[in-house]
Amino acid sequence: MKHTISVLVENEFGVLSRISGLFSGRGFNIESLSVAPAMDPELSRMTIVTTGDDRILEQINKQLNKLISTIKVLDFTSEDFLQRELAMIKVATAPEDRAEALRIADIFRAKVIDVTPKTYTIEITGVPAKIDGILELLRPMGLKEVVRSGPVAIGRGAKGVNP
Amino acid sequence: MSLTGSQILLESLKLEGVDTVFGYPGGAVINIYDDLYESSIEHVLTRHEQAAIHAADGYSRCTGKVGVAIATSGPGATNTVTGIATAYMDSIPMVIITGQVPTQLIGNDAFQEADMCGITRPCTKHNFLVKNVADLAKTIKEAFYIARTGRPGPVLIDLPKDVQVAITDFNYPDQVNLRGYKPTYSGNPRQIEKAAEMLLQAKRPVLYVGGGVNLAAADDELLKLAEQTKIPVTTTLMAMSAFPQRHPLALGMLGMHGTFYANMAVTECDLLIAVGSRFDDRVTGRIDSFAEKAKIIHVDIDPTSIRKNVEVDLPIVGDLKDVLGKMHGYLNQRVGLVEDMVESTEEWRATIDEWKERHPMTYRQTKSVIKPQYVIEKISELTEENAIITTEVGQHQMWTAQFFSFRHPKSFVTSGGLGTMGFGLPSALGAQMAYPDRQVIDISGDGSFQMNSQELATLVQYKLPVKIAILNNNYLGMVRQWQQMFFEKRYSQTVMELPIDFVKLAEAYGATGLQTSKVEEVEDVIKKALETPGPVLMNFNVSREENVLPMVPAGKAINEMVLAS
């Protein structure tokens, strides 16, 4: 089962390798990982999407907590949470496809952020499934390049990661 | 007070109560060694950095204090890795200081540069690269705190050369504040009560005790609880000295080379109380049939140990001294119920006694050739189990666990988790530094001994009266045993073709060498070694193809043992 885990860590030298090394060393999966400074500039916040059965997920949570650099771990999966991912999609646009590409972007409330004679670059934000959706519709036109941020997550209401 | 980085290091070590360090100098730690020249801290110069780590490890295992070792950058530092991994697997508190190239050269592939924080990340509890001398004192404070608290472990401090000479005001912090590190010491009282209730209901309970009992110094609480409830106790390799092995409740070791009765008791029990143990694969054998009739209580200070390998009915996270003490206290208020429980488990103990009689720990004694087990029994007897015993890894290590009747806490120093050959001699050196007046004996094999035999020089230089007993079969015996049992006796690369003259080797270093191939001389050789001052190496040419039994073949359940005939 897919899990989205937020990890608050010390914003210090080598902390990313501690987290990623933990996953690779113990054979856990990382589907995506995003990192940026947290509200408190001394901390970083990571959002990790991973998969595994209950036993593995329990180990992932415990092992993350065990790291000295980890302040807090929150497995959102069983919680009410919001998840967003950003993608930039460079799609080939033959003259006959240009109108259709714009319509698709419009339907998904995406934005065209760069235009060249042969391509559109589309920016889209949403849950990962929404990004999968637009990619599927654009694919027949010819995807030149796709970059996804991996999802970030935040709890609804009082539920949160801040210490 | 303004001090240089290396002076801050040494002053901080003193404030942490460190009086002995093990190490090896080099270019990137030359400033530290310059300050050590006039320091009150005793430095022991080993002949290899790996040995320095094992020595600090042995020092820690028999004292409970944090072991400290120093090595230079690059090859000096990478030589420490096996030692650090050994300590990490057995949760031994250590602080390792490695030199590093100057900060402005880091990442430049400078001479003797190695990324030690990168290399040791998976085998340390934590590690630090100190880039600013102003952070040094705080870092050392944190390193010692992390090493010795919670589930202990090795912590590495990588110290660039320019930080060692930089000057700053020295203030050693008296407190540590690590937001992400707050180990749980006090066990949840509700859980402890529940555990005690489960214990009172049990008909066939067993205590399965691991190295955590040494680390928590909870041997006393364990003994009290066991005697109060008359629950039989089986110990892992790491815990052989945590419970007196001649005690009527002692079942000896369990697992791959465990006793028949320990493995049967675990297989048949209805309540398994795992205490500071981690269900290692060498203990459980086939995991789905391990203690399959039992409810399991698991007490451990490290939450990741719980439910890692097996499902647990009742987890308790906490310090063993605290949890076992509270459990004993709770039961003390229910004397009547405890008496009932002791009575209703009478039959269980009788069953175990029958198992003990049916298949005791044994070997076939001969007159013509020395049996390795016999040597170990004799050492046990002649030292009255007062010695600190270290081992290397292999057959001799298993025989020591099986045939030495440990009775003092922290008197057995052995590499359990990582299984590091070459551990015994340097760790004996460390133990002897900690206890100059106690007898320290390294029980060794001829293969393992040659992995760190250079430390004979250190023993002689520091006049450390360590005794070494090599059970010499001219084989890498444990691998040979597997080849015999599972690979049709194809002894691929396990025959040590060149017989070493270990007596001459000892003498070359200035130690005493003794040897025998005769059964009737074994006792005399041991006595003579114990009486001879200084380091003595005993070479026993033993029965070459003796096997360690019982043995649970890989992938089998622990009650499917190959037994000694």
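The values are calculated or read from the model by the stated rules, or taken from the named source; none is laboratory data. Quick caveat, the model's predicted, so the values are computed rather than measured. Counting neighbours? That spans all protein chains shown, and the Cβs are built from the backbone with ideal geometry, glycine included. Calculation scope for accessible area: heavy atoms of the full protein, side chains included, ligands and nucleic acids excluded. Shrake-Rupley method; radii C 1.70, N 1.55, O 1.52, S 1.80 Å.
For chain B, what is the mean residue ellipticity at 222 nm derived from helices alone (per DSSP H run of n ≥ 4: -39500 (n - 2.57); sum divided by total residues; nearest 500 deg cm²/dmol)?
Per the formula, -10500 deg cm²/dmol.
For the range A:27-75, which residues drop by 30 square angstrom or more in accessible area between the chain on its own and all protein chains together (1.4 Å probe)?
With the partner chains in place, the range A:27-75 has these residues losing at least 30 Å²: A:R55, A:E58, A:Q59, A:K62, A:K66, A:I68, A:I71.
Counting only C-alpha contacts under 8 Å and six or more residues apart, can you give the relative contact order of chain B as a whole percent? Please report the intermediate quantities before stating the final value.
Details: 1279 pairs, mean separation 79.2, N = 565.
This gives 14 percent for chain B.
Starting from the range A:75-163, pick out the trypsin sites (Lys or Arg not before Pro) whose DSSP state is loop and whose Cβ has at most 16 other Cβ atoms within 10 Å.
Those that pass, being in a loop and sparsely packed, are A:R109, A:K118, A:R156, A:K159.
With Cβ to Cβ distances under 14 Å as the rule, what net charge do the other residues near B:T46 carry (K, R +1; D, E -1)? Walk me through the numbers before you get to the answer.
Values: positive: B:R47; negative: B:E42, B:E49, B:D57, B:E455.
Charge balance in the 14 Å sphere: -3.
May I ask you to give the percent of accessible area on the range B:6-72 that is carbon plus sulfur, with a probe radius of 1.4 Å? Show your work: numbers first, answer last.
Working: 980 of 2170 Å².
Of all accessible area on the range B:6-72, carbon and sulfur atoms account for 45 percent.
Less than 15 Å Cβ to Cβ from A:M1, Lys/Arg counted +1 and Asp/Glu -1: what total charge do the surrounding residues give?
-4
Go through B:P25, B:S241, B:A529 and say which Cα lies farthest out towards the positive end of the charge dipole of the protein assembly as shown; charges sit on Cβ, +1 for Lys and Arg, -1 for Asp and Glu.
Ranked along the dipole, the leading option is B:S241.
How high is the relative contact order of the range B:245-353, in percent, with contacts defined as C-alpha pairs under 8 Å that are six or more residues apart?
Once divided by the residue count of the range B:245-353, the mean separation gives 19 percent.
Mind pulling the per residue volume of the convex hull built on the Cα atoms of the range B:69-223? Å³ is fine.
Taking the convex hull of the Cα positions in the range B:69-223, it is 140 Å³ per residue.
If you average the C-alpha positions of the range B:171-218 and of the range B:514-534 separately, how far apart do those two centres end up, in angstrom?
44
Using the alpha-carbon atoms, what tilt in degrees (0 to 90, nearest 10) does helix A:98-107 show relative to the longest principal axis of chain A?
The helix A:98-107 is inclined about 40 degrees to chain A.
Spelling out what I want: for every residue of the range A:11-20, take phi, set θ = phi - 60°, compute 6.51 cos²θ - 1.76 cosθ + 1.60 (Karplus), and round to whole Hz; glycine and proline get x.
Using θ = phi - 60°, the values come out as 7, 9, 3, x, 5, 4, 6, 5, 6, 5 Hz.
Counting partner chain Cβ atoms within 10 Å of every residue's Cβ in B:119-129, what's the average?
Counting Cβ atoms of other protein chains within 10 Å of each residue's Cβ and averaging gives 3.
Using Cα centres only, tell me the gap between the range A:101-121 and the range B:420-473 in whole Å.
Rounded to whole Å, the Cα centres lie 73 Å apart.
Work from the charge dipole of the protein assembly as shown (Cβ charges, +1 for Lys and Arg, -1 for Asp and Glu, about the Cα centre) and give the residue of A:V152, B:A77, B:A87 farthest towards its positive end.
My answer, from the dipole projection, is A:V152.
Just to confirm the filter: which chymotrypsin sites (Phe, Trp or Tyr not before Pro) across the range B:501-565 are DSSP coil and have at most 12 other Cβ within 10 angstrom of their Cβ? Display every interim value, and only then the final one.
Values: sites: B:F502, B:Y509, B:F540; in loops: none.
In loop regions of the range B:501-565 (DSSP not H, G, I, E or B), there are no sparsely surrounded chymotrypsin sites (Phe, Trp or Tyr not before Pro).
Mind listing, in residue-number order, the residues in the range B:268-306 that have at least 50 Å² less accessible area with every protein chain present than in their own chain alone (1.4 Å probe)?
Residues meeting the cut-off: B:T304.
Determine the share of the range A:49-97's accessible area contributed by carbon and sulfur atoms, expressed in whole percent, with a 1.4 angstrom probe.
Carbon with sulfur: 53 percent of the solvent-accessible area.
Would you mind checking the tilt of helix A:54-66 against the longest principal axis of the Cα atoms of chain A, expressed as 0 to 90 degrees and rounded to 10?
Value to nearest ten degrees: 70.
Quick one: compute the contact order of chain A, relative version, from alpha carbon pairs under 8 angstrom and 6+ residues apart, as a percent.
Numbers: 299 pairs, mean separation 44.9, N = 163.
After rounding, I find 28 percent.
Once you mark the GluC sites (Glu not before Pro) that are in a DSSP loop and have at most 16 other Cβ atoms within 10 Å, what is the longest gap between them in chain A?
A:80-163
At 1.4 Å probe size, with every protein chain present, just tell me what the per residue accessible area of the protein assembly as shown comes to in Å².
Accessible area per residue, the protein assembly as shown: 41 Å².
Quick check: at a probe of 1.4 Å, how many percent of the accessible area of the range B:478-557 sits on carbon and sulfur atoms? Intermediate results must be reported in sequence, preceding the final value.
Numbers: 2250 of 4300 Å².
Result for the range B:478-557: 52 percent of the exposed heavy-atom area is carbon or sulfur.
Between the chain alone and the structure with every protein chain in place, find the residues of the range B:164-184 that drop at least 20 Å² of accessible area; heavy atoms, 1.4 Å probe.
Residues passing the criterion (a loss of at least 20 Å², heavy atoms only) are B:R179, B:G180, B:Y181.
List the accessible area buried at the contact between B and A, summed over both sides and calculated with a 1.4 Å probe, in Å² to the nearest 100.
So the total buried area for this chain pair works out to about 1800 Å².
Restricting to bridges with both residues inside the protein assembly as shown, how much of the DSSP beta-bridge set is antiparallel, in percent to the nearest 5?
Details: 47 of 111 bridges.
Within the protein assembly as shown, antiparallel bridges account for around 40 percent of the total.
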